[in-house]
Amino acid sequence: MNLLYCPRGGLCLRIVFLLTPFFIIFFRAESIAQQTFRIEGQVRATGAALPGANVQIKASGLGATTNEQGKFDLQVTADSARLVVSYIGYRSIDTLLLLPQTARLVLTMYPDASMLNELAVTGYQTIPKERATGSFIQVDNALINRSVSTNLLDRLVGNVSGLAFQGQPVNPTGSNPLSRNLGIRIRGESTLAASTMVSRDPLIVVDNFPFEGSLASINPNDVESMTILRDAAAASIWGARAGNGVIVIVTKKGNRSQPIKAELTANLGFVGKPDLFADANYLDAASYIDVERQLYSRGYFDTDIAGMANRPVISPAVSILAAERSGEITPESAQQQLATLSNSDVRRDFQRWVYQKQARQQYALSLSGGAARSTYRVSAGYDYNRHAVIGNGDNRITLTTENSVTPVTGLDLNFGLHYSDVTVREQNHQNQYGSIMPGGKYSDLYPYTQLADALGNPLEIVKDFDSGFKTRALDAGFQDWEYRPLQEAAIGSKKSKTTDLLIKSSLSYSLTKWLRVQAQYAFERQNISAQLLNTAESYYSRDLVNRFTIINPDSSLSYQVPLGGVLRLNEAVYVSHNGRLQFNLDKSVGFHGINLLAGAEVRQLKTTGFDRTSYGYDPLTGVSANNLDFSKALPTQPSGMALIPVPEGAMQGFMNRFISYYLNGSYSYKTRYVLSASARRDGANIFGARTNDKVTPLWSIGAAWELSEERFYAASWMPYLKIRGSYGSSGNVYQGSVYVTGTYVNSGLTGLPTINALLAPNPNLQWETVRTMNLAVDFASRSDRFSGSLEFYLKKGADLVQNLSLPPSAGFRAMYGNSAATTTRGFDFTLRTDNLRGKLRWQTTWLISHIADRVDRFDVSLTATSIQGQGEGRIGVKGKPLYAIYGYKWNGIDPNGDPLGNLNGEKSKEYAKIISNFQPDSLDYKGSGVPTWFGSIRNDFTLGPWSLSVNLTYKLGYVFRRTSIGLNYADVLAGKAHQDYNDRWQTPGDESATSVPALIYPSNAQRNTFYQYSSVLVEKGDHVRLQDIRVAFDLGSILKRLKAAQLYLYATNLGVVWRANQQGLDPDYVSLTSRHQLLPPSSISLGFRTSF
């Protein structure tokens, strides 16, 4: 197979043609000898040789790069030379030498923190800032350590332009490689497929290779830097996986000729309890009882009270009303009991018995160093987090080692091993606030429920069946059928364990001073195991046994489901192999510089997974019952027939194989003009033979011009000005197949295999392609009083995968095809200002990002449910944003308390017609559901040993749909409670003072749907948040032995300081799918870091 497919007249041939003259110049120049004086020397830093430093003779263009011993050798024709030495992250040296040399020349360089952002790491190569044409954002170790968290990506919040956090992160739990959701986006999204088919996350690269595992397994204390690749020139080297951007993580390594160095980090954090009383979806007990009264008076509960065969749930309030009507209690007693319930608030019990203050502990210790020809670093980390729910928590153990050795000059061997063990315990996994469903007509817990008595003893609640039926069943010999949430929380047993082993090795050899060959291999294995044990004492097991218990004629009992617990096991294994062979050429002759890399890589990811359910499980013996009949309907209590839930027994798995060939190069002249280009061919087993025969057009071109180096440039107040641009294509991988696909399952009735979700084949299915153009300006003022960059970008998503409906005559319901398209445009502006210098130093970092996306083509038909968030919140209307939010036009409330919409240009209450009319005359387009403007303003102050950092983040230019009360009285009991109940329309005239319609019975589902998705419930999402504050003290100022020691205090989740909506809502924590969305409480951490 050719290294790089290159059709006649293709781009790569043109690149080779253009670069050939420069090769001739290099080799011709090298053959010309100019020897008068010889300069020999060594460059050192932190007591060790510094290989790779750039040494140049100023004004002549002659230069060299230091070798592994930090040595260099130059020849000049003059009797003096001004030597300039530079290296990324160190202060440059500019010195005048008189020739010939009379003594050994040793030049020592010192770190310069202000230079750390001048390095771009792509995972294939390291690019100095002056040679970069693409869009890179460097996050150095100081910025990573500014935050305190066990999650590495959390440390990017408010610190990277163009990067937005969207949704909550989800770690992988199954065999689907796309089950992981990082919850972050780089310059928006460029796919319209479901997240289980095409990833929306950026590619994560750890030490040069894609990382498939859980990000929870990476200890932030082991990370040296992160680089975010945002455009085609930066990310196209990763080809078909770079359409969403790339985050390159570089872990810490040892240094050569360095004595042993120890680093110690310890953090202790405290987080408050969640504020349940800020929940807008909670309806107070008095109002809730009022709803039950309304329904009771209209006969809504009559059949339940009469004793239906299924003995449904009857709430305590309804039981009191029924007892009053039957004469069992007096009206006065009923009123007194209802008044007692009205004064109850279940949130107080949850706050006291279920929730606790969180505690977070993090410890890390590392040892590093090296000899003249070797380096080493070993580290260990331990994290323990006590969660907000009593009984829940997690811990993590990480172990890493990094080693390198140079057995002979020019040959480097590297080996690394990373191991992590993450255990999550959820003793209380289903008895939290908002997660308990009583059953029957009730989908949410009654607000007057008591969880415990005054002594903390667990109390039962009415669940699944009425209390009278459960009492009679207990008398008949059944197991205790009562449900006590606090008792369940105490005996729950749910846990998961994720282990990750990453082994890396590389070999590189210098064929010449300017040509190096490198071979790399990485192996990763991740095991994810989850266990949910419902013990024999748990309500789940007792309820299951009781439902399938038979009362024999002699009053004895027969158990159709065996006594014991129910055990559920889930297991997933990820195994990946990555291999790469690469040639690196880096050569400078005079004012010319060229950098080329060419290589090939192969990669395989294999995942397997299974689920198991065991009935009658005894944890002491490990034995369960396997002789159950799941195919026959069995008699159940209190009535009817049912199947025993069929246990899981399926195996799942994926096998993804990739092969790639790539070429990447850049040419620079006087480091002032830079041209770059890359080309890549990707192949995979995901697609069919026809698609694999095609060349995947993944490429990029870029250029940069350092304008400030031109003679005509006269803006002395801005000594650095650079213009750069790039254009190219990358892609997204489709997690599917070109063949007929479906899911095999066993029928619950026959036990025979059947196939579901059958999709038609498509042999032409291929990569999604994202073409990106980026134009940028980098600038810096004199003395770096201000500096920054402004970047404009345009992204075109083409050949996007979408689900296409097929006519019944096709024999399939749907197929996947490449026919959707999107456009995203925007800009990122970064500005750093040095406001004060002196004893008090004040620096400000401004991040401003703007994004505007739209759907260019999407063939999925719009229906009456489209406005309700079909397609994971994305409607897919041509010409509108991907996350467009629509609302039914709102015309207020009529004198009868009914909401008014718009149909054919007129006010209307024909709700069914309005809902089915997805046309502009019935709908209001309200805006994008994700921020179109976002960023941060961070101020950093330093005074002596003290430092203070304050970060404000903002999100602007978007809307969100808030929740409200269900307009049917019955809906309130079914989980649609809301404090808006107290603002509802009640009497004529209220329509002028409220936007909450009247509640009604009998129910009208269309009337409620119209209101829930009307424009009146769409609010502006604009807000400003105090993201975090950090205060630090340098202990070295008072403890001389601790030269590098720091004590710091870090606080985050400090709340919204301004919001556009008038409801007092935090737009980041409003959910239409969760009944109760809790705000994260503030947290504060105390930390200590030192090295010695």
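List of remarks:
- Reach of LYS955 by Cα under 12 Å, taken over aspartates and glutamates that are not fewer than 8 positions away in the same chain: ASP1022, ASP1066, ASP1068
- Excluding exposed DSSP-loop GluC sites (Glu not before Pro) (at most 15 other C-beta within 10 Å), longest clean stretch of the chain: 1-327
- For GLU768, nonlocal amide neighbours, meaning residues 5 or more places apart or on other chains whose placed amide H falls under 5 Å from its own, are ASN732, TYR734.
- D_trans [Stokes-Einstein, Kirkwood Rh over alpha-carbon pairs] for segment 118-266, 37 °C, 0.692 mPa s, µm² s⁻¹: 203 µm²/s
- Computed about its Cα centre, the charge dipole of segment 333-491 is approximately 460 debye, with only Lys, Arg, Asp and Glu carrying charge at their Cβ.
- Identified option (computed Rg and Dmax of the Cα atoms in Å; candidates (1) 35.2, 120; (2) 65.4, 186; (3) 33.4, 118): (3)
- Backbone amide hydrogens, once placed in the peptide plane, bring ASN902 within less than 5 Å of LYS889, SER908, excluding anything fewer than 5 places away on its chain.
- Cα centroid separation, segment 623-652 to segment 811-853: 52 Å.
- Pairs with C-alpha atoms separated by more than 28 Å, drawn from the list LYS441/LYS497; LYS495/LYS606; LYS129/LYS587; LYS795/LYS878, are LYS441/LYS497.
- Computed over segment 330-411, Kirkwood Rh from alpha-carbon pairs, angstrom: 18.3 Å
- Rg to Rh, two decimals, where segment 180-336 supplies the alpha carbon set and Rh follows Kirkwood: 1.33
- Each of THR549, SER908, ALA677 was scored by the projection of its Cα onto the charge dipole of the chain, and the greatest displacement toward the positive side belongs to ALA677; charges sit on the C-beta of Lys, Arg, Asp and Glu.
- Shown here for segment 757-820: trypsin sites (Lys or Arg not before Pro) in loop regions (DSSP other than H, G, I, E, B) with at most 16 other Cβ atoms within 10 Å, namely ARG785, ARG813.
- Estimated inter-spin distance, ALA359 and VAL517, nm [label 7 Å along Cα→Cβ]: 5.8 nm
- The charge dipole of the chain, taken about the Cα centre with unit charges on the Cβ atoms of Lys, Arg (+1) and Asp, Glu (-1), comes to about 4160 debye, rounded to the nearest 20.
- The residue among VAL424, SER496, LEU511 whose Cα reaches farthest toward the positive pole of the charge dipole of segment 397-513, with charges on the beta-carbon of Lys, Arg, Asp and Glu, is LEU511.
- Applying the criteria of a DSSP loop state and at most 16 other Cβ atoms within 10 Å to the chymotrypsin sites (Phe, Trp or Tyr not before Pro) of segment 827-905 yields no site.
- Given +1 at the Cβ of Lys and Arg, -1 at the Cβ of Asp and Glu and no other charges, the dipole of segment 118-266 around its Cα centre is 80 debye to the nearest 20.
- Förster radius 25 Å - calculated FRET efficiency between THR126 and LEU507, Cβ distance, rounded to 0.05: 0.90
- Where trypsin sites (Lys or Arg not before Pro) fall in DSSP loop in segment 1006-1049, at most 14 other Cβ within 10 Å: LYS1040, ARG1041, LYS1043
- The separation of segment 472-542 from segment 715-733, counted between C-alpha centres, amounts to 44 Å.
- Whole-Å distance, taken between Cα centres, linking segment 565-618 and segment 122-157: 21 Å
- Set of lysines near LYS261 by C-alpha distance (under 29 Å), chain-local residues within fewer than 8 positions excluded: LYS71, LYS252, LYS253, LYS504, LYS1040, LYS1043
- Cross-link partners of LYS889 among aspartates and glutamates (Cα-Cα below 12 Å; sequence separation of 8 or more within a chain): GLU906, ASP921, ASP924
- Extreme residue, positive dipole direction of the chain, given options GLN479, PHE469, SER175 (C-beta unit charges): SER175
No lab work stands behind these numbers, since they all come straight from the coordinates. All figures in this text were calculated on a predicted structure; none of them were measured in a lab. Cβ coordinates were reconstructed from backbone atoms using ideal geometry, including for glycine residues, and neighbour counts include every protein chain displayed.
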